[in-house]
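See structure below.
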Amino acid sequence: SHELRTPIARMATQLENLLHSKELNESSRKVLSSISEDIYQLSDVVTSLLLLSKIDNTTELVALPYLRLDEILFQCVEDMKRSFPDLKFNFNIAGDTPEEIHLEVKADETLLKIALHNLIKNAYLYSDDKTVSAGLRQTADSIVLSIRNNGPVPDVEEKQKLFEAFTRGSNTKMVSGSGLGLRIVQRILQYFKATVSFETP
């Protein structure tokens, strides 16, 4: 896996350096920019497949620490804003005070951040107004995190397939992607003994 990712990363760096060259004409810049986007997409696919393979080959749930779900969520949003500065984020907790909800979850921090990052990024990319809303609420036996946006909705019959590898909804025509993001989210959450679902009003 390292042998595959290293040349991809090297090509991406070389293209970035070329794109910053002052001697580059506009036509060449557009071509190189398109190639650069394809390479980053390839890198994302490779990394995603390796991550899925690693999770799928894990047979035991190792001892996981308790993490504050709201803190990890806000860290992911801040990371996202570096790449998407126009991201607008709304957050609320059901109940009068945060103390009414048990905000700690058992999870690996790196994997949880990957899952939340994928969900936030999807909500942002497929929104009409660059706004992502999130809410936390407590049920009798679990804590529920909902992430919402306003935007095009995939066909109803595609709902159950959205979490399959390489599947993309009917609302993705203008947005590039690998079709692995939601599959990775699902596998990570299954590893944490949690679930994910897609709903429309």
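Values quoted throughout were computed directly from the atomic coordinates according to the rules given, and no laboratory measurement underlies them. Quick caveat, the model's predicted, so the values are computed rather than measured. Reconstructed Cβ throughout: ideal geometry from the backbone, glycine too, with neighbour counts over all protein chains shown.
Miscellaneous remarks
- Computed label-point distance, nm, for sites residue 137 and residue 190 using a 7 Å Cα→Cβ extension: 2.7
- Derived scalar couplings ³J(HN,Hα) [region 74-89; Karplus, 6.51 cos²θ - 1.76 cosθ + 1.60; whole Hz; x for Gly, Pro]: 5, 5, 5, 5, 4, 4, 5, 5, 5, 8, 10, x, 8, 5, 10, 10
- Per-residue extension of 0.36 nm, minus the Cα-Cα distance of residue 79 and residue 161, leaves a gain of 26.7 nm for this segment.
- Gain upon complete extension [residue 16, residue 199; 0.36 nm per residue less C-alpha separation]: 62.0 nm
- Between the amide H of residue 180 and those of 166, distances stay under 5 Å, these residues lying 5 or more places away or on another chain, with hydrogens modeled in the peptide plane.
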